[in-house]
1. Most fluctuating residue of 101, 246, 42 in a GNM of the chain with Cα springs under 10 Å: which is it?
2. For the pair residue 288 and residue 19, how long in nm is the line joining their label points, each one 7 Å along Cα→Cβ?
3. What Kirkwood Rh does the range 4-161 have if only Cα atoms enter the pairwise 1/r average? Answer in Å.
4. Go ahead and run the numbers for FRET between residue 219 and residue 149, Cβ-Cβ distance against an R0 of 45 Å, rounding to 0.05.
5. From the helices alone, meaning DSSP H stretches of at least four residues, give me the mean residue ellipticity at 222 nm for the chain, per-run term -39500 (n - 2.57), in deg cm²/dmol to the nearest 500.
6. Once both labels are modelled 7 Å past Cα along the beta-carbon direction, what's the residue 318-residue 135 spacing in nm?
7. Hey, of [x] 33.4; [y] 36.5; [z] 23.5, which did the structure itself give for Kirkwood radius over Cα pairs in Å when calculated?
8. Restricting to the range 4-161, compute how many DSSP beta bridges are antiparallel as a %, nearest 5.
């Protein structure tokens, strides 16, 4: 009667019109790209399949929850009205939670269950809207305007009055409504508290599971740290051994260096002594060579004189005086005398 079902159908049609490039009845429209539009509006059973109104409703909702994505538009009208009040509230509540927590798609959800308005306090993504109503004595005017707040009452009895139900029925229904609303306030609080308690228990269980998982992760990390510690100790021991070996090598190097320096010193001394010996040897060789030259010179002179004496003797011995004239003999004797003087 207020027009909420019409409003939701209108929203789905406008989104569809925008996607086919059509004009929409609005001064401005910001419509995202949608992959599908899902609707669950109206109530009907399926006699041929033997399905009740509520069964048809749940089957359609199941199809929506299984196939909708975060880019879908979902329209749900009066979910849970085909069963008992508490079953209907529980199903409607859990369906809203599932959509906002798992699917996260844009959804319009119309309901007469006032308990569901508490979902706005539970989730940031859930917002309550209602049709503005003006009450004037016993008359009610539906303003056909959407306002951002939840409805605090229903107007079913007023609609029944408009439908010309007997006044006796209308008056009795108001009496029953007053009694039910008194009890319903307590029951509503109890239901919400129970739901919150279950949520808290679920959160506690989730925290417990999370703590257990964290404990397992920490145990794994601790075991890894133990293994890393053992590996580091082995590496440290290896480095220590290498250090000790290096220290021994340094000491051995220093010993070898000292020995080398001593040997190098001895080598330089031997080299210096060797140089002195070489110098003395060279000098000795020079002296020997000088003496040899003198000796050879003396031998040469002696030999030359001997040769010369032998030569002069040979000339005298070979001189044939008997066959010479006195003048030739005198000349030969003169020449021999001259050679003898030259010695």
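1. 246
2. 12.3 nm
3. Details: mean 1/r = 0.0581 Å⁻¹.
Taking the inverse mean of 1/r over all distinct Cα pairs, the range 4-161 comes out at 17.2 Å.
4. 0.30
5. Values: 7 runs with 225 residues, N = 343.
So the calculated ellipticity at 222 nm is -24000 deg cm²/dmol.
6. 18.3 nm
7. Derived directly from the coordinates: [x].
8. Numbers: 7 of 16 bridges.
Roughly 45 percent of the DSSP beta bridges within the range 4-161 come out antiparallel.
Quick note: the coordinates plus some simple rules give every number you see, no bench work behind them. This structure is a prediction, so every number in the text was calculated from the model and none was measured. Virtual Cβ from ideal backbone geometry, glycine too; neighbours counted across all protein chains shown.
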